[in-house]
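Everything on this sheet refers to the single structure shown next.
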Amino acid sequence: MTGNRNEESWPVGILFSQTGVTAIIEQSQLNGALLAIDEINEAGGAAGRPISPIILDPASDPVRYRTMAEELLGSLQTNVIFGCYMSSSRKEVLPVVERYNGLLFYPTLYEGFEYSPNVIYGGAAPNQNSLPLAMYLMDNFGSRFYFVGSDYIYPRESNRVMRNIVRQGGGEVVAEKYVDLSAGPEDFAPIIQHIAEVQPDVVFSTVVGTGTVNFYRAYHEAGGDGLQRPIASLTTNEAEVAAMGNASAQGHITAAPYFRNIVTRRNMDFLARYQAKFGEVETVTSACEAAYFQVHLYANALRLAGAGNTDQLRSVLRGAEFEAPQGRIKVDPDNNHAYLLSRIARVDDQGEFILEREASRPIKPDPYLAVPALNDWANTPVWIR
Amino acid sequence: MTGDEGIIERLRGLNALVLHPRDGDAEELLLQLNRIGCRAQAVWPPPKVDADPVDIAFILVQEKPLESILEYLERQSTRPSLIGLAGYESPSVLNHLISLQVDSVLTKPIRPSGVLTSMVTARRIWQECRHKDRLISKLRSKVENSQKLNDAKLILMRLHEIGEQDAYRAMRQQAMESRQTVTEVAEAIIQSHSLLTSLVSHRDFDADPGPD
């Protein structure tokens with residue numbers, strides 16, 4: 001690392017955990033960001049300079065995200081960070097980027113109720129994924145929900161939103177269970193037994209990280225069948241499906257803006273380049289795609305602003321659009337969140353997510369929607385398929 | 001469902017008004033109110049005529065009270081929830097916050113985070129005050145009514161030399177027949193009694209001093 005990298009390149013901090021409980025998904029985000037950086041640099045960089053990533057590993061520990069963000073924005077003299085998966089880590093980094101007037105690109109779905117001029121949000125807000133998922137589940141499976149989640153801020157808030165929607169639809173939440181972030185198969189055993197006893201129509205999981213693989217596997221081994229009583233999630237993705245195995249994943253449902261097997265020219269190109277760089281596409285997820293398009297948004301902003309200054313970047317990022325693998329996305333100038341596609345897919349016997357429903361146009365992000373209304377047609381897209 | 005949850009759910013339906021000069025602070029506040037999803041507008045100087053009723057008002061608070069804001073507040077039949085926008089924490093500003101009876105405060109410069117919290121706090125305090133005001137006036141009239149009932153009962157008991165229960169029964173009977181409330185009957189008894197007493201008092205009648 002050279003001391004005067006600022007003059008010849010755009011240094012950016014990369015804060016994705018390569019170790020710890022959320023390593024699978026954050027490694028996927030890291031890959032997405034690195035692929036985009038390669039593409040940009042191979043094409044001559046942005047505004048004449050390459051982007052040079054400073055990659056740190058916070059090891060899934062929220063406090064380390066904060067200290068590393070301080071290091072990046074302080075002594076390492078970057079003003080841009082791509083990073084964070086869990087809300088608890090974002091909440092640690094947020095005051096740091098605000099104090100240094102830096103920019104955090106956050107490529108992860110989350111529970112909403114936040115806006116900072118120093119954060120560009122790239123993942124789905126509840127109105128873009130929870131609401132469509134709940135509608136789909138109640139249309140197809142019934143309205144008795146069983147909630148299982150990891151014990152931290154995102155699952156609890158996400159369940160609050162889901163509970164409100166389920167109640168509006170005349171359904172009920174028959175149980176709400178939380179496990180530790182590092183939960184193993186034995187921690188899920190009593191929950192799975194309880195599920196078999198109370199016979200809900202659907203299980204809604206906000207378990208994240210390695211717990212996801214443990215949960216789905218334990219469910220399968222205890223005789224749980226995704227085709228009969230699916231586990232629905234907003235986070236379970238291609239990388240986790242690959243880790244848990246096809247048999248454990250079959251029949252389960254995820255709502256996300258992007259799935260790997262979307263058949264568009266743009267996505268094919270993206271996957272081909274990912275394959276060339278990493279030798280596989282198993283680790284491509286919606287969070288990876290978000291990290292990928294956010295780096296491109298940043299590079300485009302550098303080109304437009306001709307400078308890397310936070311205030312100038314922010315002003316051109318607002319309203320910025322990009323042809324992402326999921327489709328055309330746009331940064332909402334009102335709230336720094338993104339207009340995203342909404343898709344629901346179900347895992348088949350080959351471990352592939354097969355689309356079940358798809359919004360016909362991107363959905364405007366509404367991060368402060370406390371109670372998404374089932375009959376709120378103003379914001380409901382037309383569903384195809 | 002708790003009342004607290006209702007406050008958050010209903011925030012979006014609120015009509016918000018920002019009475020603050022159009023500067024960066026007002027702009028930041030308005031943007032955040034729009035993000036939250038409130039119908040919000042900023043007006044400066046404060047309007048002389050009111051348009052829609054306002055549920056929550058953000059008002060500039062300085063060292064000395066602004067006549068135009070005081071006039072605005074006095075005109076409102078239902079006082080909106082008030083959030084003071086204060087630039088300093090000097091004693092005169094603080095005094096002004098007290099005298100305006102704001103429900104919550106935002107200190108400048110306005111940042112997006114904190115606006116929602118101050119609104120929720122203000123609504124809770126405002127709701128609680130309204131609830132307590134209503135409760136107090138209800139209790140007050142109840143106390144007054146029961147005082148009247150007692151006075152009227154005593155008058156009937158002395159006049160007709162009957163017991164307490166008979167006196168009450170008589171009043172209730174009268175109330176039903178004349179389609180009035182028992183309190184109205186009691187008031188009529190007290191009034192006519194005091195009239196009769198004053199008519200005869202100059203003749204050294206041993207008058208009942210009557211109620212205060």
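The values are calculated or read from the model by the stated rules, or taken from the named source; none is laboratory data. Quick caveat: nothing in here was measured; it's all calculated off a predicted structure. As a convention, Cβ positions derive from the backbone with ideal geometry for all residues, glycine included, and neighbour counts pool all protein chains shown. All accessible areas refer to the heavy atoms of the entire protein, side chains included, with ligands and DNA or RNA removed. Shrake-Rupley method; radii C 1.70, N 1.55, O 1.52, S 1.80 Å.
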Exercise. Once the other residues with Cβ under 10 Å from the Cβ of A:Asn118 are scored (Lys, Arg +1; Asp, Glu -1), what is the net sum?
Worked result: +1
For this session: Take the alpha carbon atoms of segment A:292-366, find their center, do the same for segment A:27-93, and report the distance between the two centers in whole angstrom.
Result: 18 Å
Exercise. What residues of segment A:113-137 lose no less than 20 Å² of accessible area with every protein chain in place versus their chain by itself (probe 1.4 Å, heavy atoms only)?
Worked result: A:Phe113, A:Tyr115
Problem set entry | Interface area, B with A, accessible, probe 1.4 Å, both sides summed, Å² nearest 100 | 1000 Å²
For this session: Can you figure out the FRET efficiency of A:Glu186 with A:Arg361, using R₀ = 41 Å and their beta-carbon distance, to the nearest 0.05?
Result: 0.35
Exercise. Convex hull over the alpha-carbon atoms of segment A:157-251: what's its volume per residue in Å³?
Worked result: 95 Å³
Problem set entry | List A:Ser360, B:Ser118, B:Ser90, A:Ser75, ordered by accessible area with a 1.4 Å probe, largest first | A:Ser75, A:Ser360, B:Ser90, B:Ser118
Seminar exercise, completed: The answer for the protein assembly as shown, accessible area per residue at 1.4 Å probe in Å², is 44 Å²
Problem set entry | Cα pair distances of segment A:115-159 binned at 5 Å [whole percent] | 5, 17, 19, 24, 19, 9, 5, 3, 1
Exercise. By per-residue mean of other Cβ atoms within 10 Å, what is the highest-first order of B:175-186, B:19-30, A:287-298, A:92-103?
Worked result: A:287-298, A:92-103, B:19-30, B:175-186
Exercise. Do the alpha carbons of any pairs in A:Lys364/B:Lys108; A:Lys91/B:Lys108; B:Lys64/B:Lys108 sit beyond 25 Å of each other, and which pairs?
Worked result: A:Lys364/B:Lys108
Seminar exercise, completed: Note: B:30-38 gets an average of partner chain Cβ contacts (10 Å, Cβ to Cβ) equal to 4
Exercise. Say R0 is 56 Å: what FRET efficiency, to the nearest 0.05, do B:Gln180 and B:Asn95 get from their beta-carbon distance?
Worked result: 0.70
Exercise. With labels modelled as points extended 7 Å from the Cα through the Cβ direction, what inter-label distance (nm, one decimal) is found for B:Gln62 paired with A:Glu172?
Worked result: 6.0 nm
Exercise. Rounded to the nearest 5, what % of the DSSP beta bridges within segment A:1-144 are antiparallel ones?
Worked result: 5 percent
For this session: Heads up, I need the accessible area for A:Thr264: 1.4 angstrom probe, whole protein in place, Å², nearest 10.
Result: 50 Å²
Exercise. Mean separation of Cα pairs under 8 Å and 6+ residues apart, divided by the residue count of chain A: what relative contact order is that in percent?
Worked result: 19 percent
Exercise. For chain A, what is the calculated [θ] at 222 nm in deg cm²/dmol (nearest 500), taking -39500 (n - 2.57) for each run of four or more DSSP H residues and dividing by its residue count?
Worked result: -13000 deg cm²/dmol
Exercise. Once fully extended, how much extra length lies between A:Asn261 and A:Asp38, figured as 0.36 nm per residue of separation less the alpha-carbon to alpha-carbon distance?
Worked result: 78.0 nm
Problem set entry | Surface share of carbon and sulfur [accessible, 1.4 angstrom probe, percent] for chain A | 49 percent
Seminar exercise, completed: Subtracting the Cα-Cα distance of B:Val120 and B:Thr78 from 0.36 nm times their residue separation yields 13.2 nm
Exercise. Summing Lys, Arg as +1 and Asp, Glu as -1, what charge do residues with Cβ under 12 Å from the Cβ of A:Asp151 carry, A:Asp151 excluded?
Worked result: -1
Seminar exercise, completed: Among beta bridges assigned by DSSP with both residues in chain A, the antiparallel ones amount in percent, to the nearest 5, to 35 percent
Exercise. Other chains' Cβ within 10 Å of A:192-202 residues: what's the mean?
Worked result: 0
Exercise. Taking only the alpha-carbon atoms of segment A:1-113, what semi-axes of the equivalent ellipsoid follow from 5 times the gyration tensor eigenvalues under a square root, in whole Å, largest first?
Worked result: 23, 16, 12
Problem set entry | Neighbouring partner chain Cβ atoms per residue of B:9-22, average, 10 Å criterion | 1
Problem set entry | Tail beyond 24 Å, pair distance distribution of chain B (Cα, percent) | 58 percent
For this session: Normalise the Cα radius of gyration of segment A:211-369 by 2.2 N^0.38 Å (N = residues in it) and let me know the number.
Result: 1.17
For this session: Please work out the FRET efficiency for the pair B:Arg39 and B:Ser198, using the Cβ-Cβ distance as r and a Förster radius of 56 Å; give the result to the nearest 0.05.
Result: 0.40
Exercise. More than 19 Å apart: what percent of Cα pairs in segment B:78-155 qualify?
Worked result: 55 percent
Problem set entry | 20 Å binning of all Cα-Cα separations within the protein assembly as shown, expressed as whole percents from 0 upward | 18, 40, 25, 11, 6, 1
Problem set entry | Order by protection proxy (mean Cβ within 10 Å, highest first), peptides A:254-261, B:160-167, A:169-176 | A:254-261, A:169-176, B:160-167
